[in-house]
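One structure is given here, and the rest of the page talks about it.
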Amino acid sequence: MENSLERYWLFGMICLGYAAAVLLLLLRRRVTLQSSLIYLLLLLALGVGSVFMTVAPGIPAAMGFELPSNFFFTASIGGLAFLYLTALTTISRLELRSITMVQEVALIQEELDRNQAQLRDIQGRLSAASREPG
Amino acid sequence: MKSKASGAGHDRSPWDTILFPLSSFAQNVQGLGIVGRQTMARRKALIVVPCLNEEASLPALLDRFEESLRPLSATHEIDILVVDDGSVDRTSEVARRRGVRVARLRRNLGIGGAVQTGLRLAARQGYDCAMQVDGDGQHPPSEIPSLLAALDLPDPPDLVIGSRFIGSARDAEWKTTALRRIGIGWLSFVLRTFVHLDVADPTSGFRVYGRRALELFDDNYPYDFPEPESLAIARAAGLKVLEVPVQMQARQGGASSIRGFSTAYYMLKVTLAVLLTFARSTSPWRRPKRDL
């Protein structure tokens, strides 16, 4: 364990820095917990998996991998691909919502403009009628 | 003055006495669908003009509208809607000053989003049809009557496309480039093969949308290079599509969004979109429509 710390301390510091950055983004609400929960769980699983890779050697072997590290990398890439897919579906849904909202705002504004024009017209007629003698 | 206006109804001529009950009867009959509506009531049409920075060319286009639509006033009640697709110039102000309706999009959505805005308005406000006429001057308003006339056919189409490549339009002076013709040929082939729709000019945006098309596209209209894909959607929904020859003109201002690298993206995207529409229309796992 001591040997591992000596070897990987720099990499460990980078990981901790990344974790701190994610935490900061969460605290500042730049990333919402709701949308990032799967991502955080995956990071946690990867972290735990990398530390205790040799604890359950049966799993990589059962999946057909000779080396546990190969299984770990493959699982990580698969997890990231899944995360990217969920991000894509979220972005697509938000894009459609945003387009619909821009359209609806334009239509409401158009209706408002027309109603205001009608109101001005009615007010003009009323004031003209009130100015008419008798 | 007031008393004269209110008393006018009592000064009916003998012809009025005969014709008033007749027109009332005709309206009732029309309500039952016995008499064609075009002979009785004026068709309510909305001309949708998607614009992006067309401040300079818009006044001339609106002038030409006025001139071309005058003969239709007896049979049509036509409104013009300029959809300002997030212009940075004074397109909206120019249009408002001319007295036409204006829907200003707060950010640029592209041609699909702009057109759908107009189609949504037409669908919700009970228009019988809507017409798409681009604000860049490619679509001459003088061709509008011939496109609208297609809706008076005995078996009226739901979607009318102004085509540059059929009938008399083939002899037009203005031609599109050879590369574009190849692309258009490819898209025609894809539509013919996968959705069984034979259209010579699938990229034309000079179109008339009937009531059924308005209801369909209010819910589902493609945003990116929408013309060929919207045809596939219309076909998948069982709409009747008809092409009518029209003479188009060279673009009066601005530049096409399909050039350079985007040409390859356009072809790939549209081809995939048509294939997806075909797959969706035949899929047993189609999801029901839902609100966003």
Margin query: So B:LEU58 ticks every box in (1) under 22 Å from B:ASP158 (Cβ atoms); (2) touching a residue at least 60 places away in the same chain (Cβ under 8 Å); (3) crowded, with 24+ Cβ neighbours inside 10 Å; (4) not polar (S, T, N, Q) but one. Which box is left unticked?
Written below: (1)
Next item on the list: Take the residues in segment B:250-274 that are surrounded by 12 or more Cβ atoms within 10 Å (Cβ to Cβ), farther than 27 Å from B:ALA56 by Cβ and of a type outside the set (Ser, Thr, Tyr), then tell me which one is modelled with the highest pLDDT.
Entry: B:LEU272
Check: Could you count how many residues in segment B:102-156 are assigned to a helix (DSSP H, G or I), among the small types (Gly, Ala, Ser) and away from chain A (no Cβ under 14 Å)?
Finding: 4
Check: B:PHE189 versus (1) buried (at least 18 other Cβ atoms within 10 Å of the Cβ); (2) of a type in the set (A, V, I, L, M, F, W, C); (3) under 16 Å from B:PHE278 (Cα atoms): which is the lone unmet condition?
Finding: (1)
Check: Looking at B:GLU67, is it part of a helix (DSSP H, G or I), surrounded by fewer than 21 Cβ atoms within 10 Å (Cβ to Cβ) and within 14 Å of chain A (Cβ to nearest Cβ)?
Finding: no
Note to self: Checking the structure you have, find out if any residue of segment A:98-120 is more than 30 Å from B:VAL83 (Cα to Cα), away from every other protein chain (no Cβ under 14 Å) and either free of Cβ contacts under 8 Å to residues at least 60 places away in the same chain or loosely packed, with under 13 Cβ neighbours inside 10 Å (or both).
What the structure shows: no
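Do we find that B:ARG104 is among the charged types (D, E, K, R), surrounded by 14 or more Cβ atoms within 10 Å (Cβ to Cβ) and under 21 Å from B:ILE80 (Cα atoms) in this structure? Spell out how you get there, then give the answer.
Working: among the charged types (D, E, K, R): yes; surrounded by 14 or more Cβ atoms within 10 Å (Cβ to Cβ): yes; under 21 Å from B:ILE80 (Cα atoms): yes.
Yes: the conditions hold for B:ARG104.
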Next item on the list: Select, from A:LEU83, A:LEU126, the only residue that is away from every other protein chain (no Cβ under 14 Å), in contact (Cβ under 8 Å) with a residue 24 or more places away in the chain and over 30 Å from B:ASP85 (Cβ atoms).
Entry: A:LEU83
Notebook entry, point to check: Is it true that A:GLY49 is part of a helix (DSSP H, G or I) and either out of contact with any helix residue (DSSP H, G or I) (no Cβ under 9 Å at 6 or more places or on another chain) or within 14 Å of another protein chain (Cβ to nearest Cβ) (or both)?
Noted result: no
Item checked: Meets criteria (under 21 Å from A:ASP113 (Cα atoms), within 14 Å of chain A (Cβ to nearest Cβ) and crowded, with 18+ Cβ neighbours inside 10 Å) for B:VAL94 -> no
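Do we find that A:ALA75 is free of Cβ contacts under 8 Å to residues at least 12 places away in the same chain and small (Gly, Ala, Ser) in this structure?
no
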Check: Is there a residue being farther than 23 Å from B:LEU268 by Cβ, assigned to a loop (DSSP other than H, G, I, E, B) and within 13 Å of the chain's Cα centre (by Cα) anywhere in segment B:207-227?
Finding: yes
Notebook entry, point to check: Can we say A:THR32 is under 20 Å from the mean Cα position of the chain (by Cα) and touching a residue at least 40 places away in the same chain (Cβ under 8 Å)?
Noted result: no
Notebook entry, point to check: Within segment B:146-166, can you find the residues that are buried (at least 18 other Cβ atoms within 10 Å of the Cβ) and touching an Asp or Glu at 6+ places or on another chain (Cβ under 7 Å)?
Noted result: B:ILE161, B:GLY162, B:SER163, B:ARG164, B:PHE165
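The values are calculated or read from the model by the stated rules, or taken from the named source; none is laboratory data. Owing to the predicted nature of the structure, the values given are computational and were not obtained by experimental measurement. Note: ideal-geometry Cβ built from the backbone for every residue, glycine included; neighbour counts use all protein chains shown.
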